[in-house]
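The values are calculated or read from the model by the stated rules, or taken from the named source; none is laboratory data. Computed from a prediction, not measured in an experiment: that's the story for all the values here. Please note: Cβ atoms are built from the backbone with ideal geometry, for glycine as well, and neighbour counts cover all protein chains shown.
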Amino acid sequence: MWQFCITIGGKRHCFPVPVLVEKIHVPPPNNYPPFELAVTVLDLVKAVESVGAKSPLGDQLKQTATAFLDQVQKELPKGVTLHQTEAR
């Protein structure tokens, strides 16, 4: 968890920063961490953009993660596809 901390009157005060994307725990073995990272980045960018906070950093992260997932798709066996669905 990230926190913003500030010292006031000689005492340190820390305030937690809530996460925008809830981490979904995949049962072991987690055998492809780069894929999980790319998906998490895209979910984070989508969550930030949904509240109107579009930024150049978000655009760069989205491009990088999307390029990685495109490469994963190209390397899949014939007949296997990768696509995103909305959680129900």
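Looking across the range 51-73, just one residue is among the hydroxyl-bearing types (Ser, Thr, Tyr) and either farther than 13 Å from VAL39 by Cβ or surrounded by fewer than 11 Cβ atoms within 10 Å (Cβ to Cβ) (or both), and that is SER55.
Could you tell me whether PHE68 is modelled with pLDDT of 80 or more, among the aromatic types (Phe, Trp, Tyr) and either in a helix (DSSP H, G or I) or touching a Cys at 6+ places or on another chain (Cβ under 7 Å) (or both)? Taking the combined requirement at face value, the residue satisfies it.
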